[in-house]
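Input: a single structure, listed below in structure tokens.
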Amino acid sequence: MKYVDGFVLPVPVKNIAAYRRMAQKAGKVWREHGALEFIECVADDVKPGKWTSFPRSVKLKAGETVVFSYIVYKSRAHRDQVNAKVMKDPRLASMMNPRSMPFDGKRMIWGGFKTMVQL
């Protein structure tokens, strides 16, 4: 079964174009190193919930939107191999500086997930 890294993060609406450019570059790097899919999605229908929701999860502020992203791998071992190569890739160095990121990385949520159902 495939393995997925998932991400939810707040992005200022004014930074969406910059985020898209960064994601396109990063996605190319991940794909070149073996990721099966690299998907970036921007909120379209994510209302704040009473107790929980995507906006609440990242403490969304005025002028921000939610981005949901995921990267698909063959397995956990494959993910670990791909990510080891990605983290050494010099093309990502400039993107890893928290001061130059077009989003607040402190409010990003991420994790690795084993596939439970795949149709």
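Residue by residue, here is whether (1) hydroxyl-bearing (Ser, Thr, Tyr); (2) touching a Ser or Thr at 6+ places or on another chain (Cβ under 6 Å) holds:
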{"residue": "TYR19", "(1), (2)": "yes, no"}
{"residue": "GLY34", "(1), (2)": "no, no"}
{"residue": "PHE38", "(1), (2)": "no, no"}
{"residue": "ALA43", "(1), (2)": "no, yes"}
{"residue": "GLY49", "(1), (2)": "no, no"}
{"residue": "LYS74", "(1), (2)": "no, no"}
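For the range 107-119, how many residues meet the condition of being exposed (fewer than 10 other Cβ atoms within 10 Å of the Cβ) and either on the phi > 0 side of the Ramachandran plot or not polar (S, T, N, Q) (or both)? Number of matching residues: 4.
Evaluating ALA84 against the criteria (1) in contact with a helix residue (DSSP H, G or I) (Cβ under 9 Å, 6 or more places away or on another chain); (2) modelled with pLDDT of 95 or more leaves one unmet condition, (1).
The values are calculated or read from the model by the stated rules, or taken from the named source; none is laboratory data. Keep in mind that what you see is a predicted model, and the values were worked out from it rather than measured. Note that each Cβ is placed from the backbone with ideal geometry, even for glycine, and that neighbours are counted across all protein chains shown.
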